[in-house]
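Input: a single structure, listed below in structure tokens.
The values are calculated or read from the model by the stated rules, or taken from the named source; none is laboratory data. What you see is a predicted model, and the numbers here were worked out from it, not measured in a lab. So basically every Cβ, Gly included, is an ideal-geometry build from the backbone, and we count neighbours across all protein chains shown.
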Amino acid sequence: MSTRCDTTLEPVTTRRSPLASGSVREHLLRGAAGLGAAVLAIVLVAVVGPISLALLPVTALAWRGCPTCWTVGLLGTLADGRARRGCSRC
């Protein structure tokens, strides 16, 4: 009995989630950018007033919606990564 698992990368031919990213690293960077923009918008309200809330759309674009949408996208990105790897044992 062999415990060796040969993995091969296969092209993605199935539809993936519109919230998913190309890689986990890219998704985490988008999350960090969105979080940074949200924190900056809230902190700058005391300094420059409500005009700082113009950063909130940047947050929505980076997260592709709300924090829940970002989390669903992360799960979709992880699932896409697993689907690309084929394993006879998996």
Q.
Let me spell it out: the conditions are (1) at pLDDT 85 or above; (2) in a helix (DSSP H, G or I), and residue 65 meets all of them except one. Which number is the exception?
A. (2)
Q. Are there any pairs, at least 6 apart or on different chains, whose C-beta atoms fall under 9 Å, with the first in the range 55-73 and acidic (Asp, Glu) and the second modelled with pLDDT of 90 or more, and if so, which?
A. none
**Q.** Some residue of the range 16-24 being surrounded by 13 or more Cβ atoms within 10 Å (Cβ to Cβ), among the charged types (D, E, K, R), in contact with a Ser or Thr (Cβ under 9 Å, 6 or more places away or on another chain) and not in a helix (DSSP H, G or I)
**A.** yes
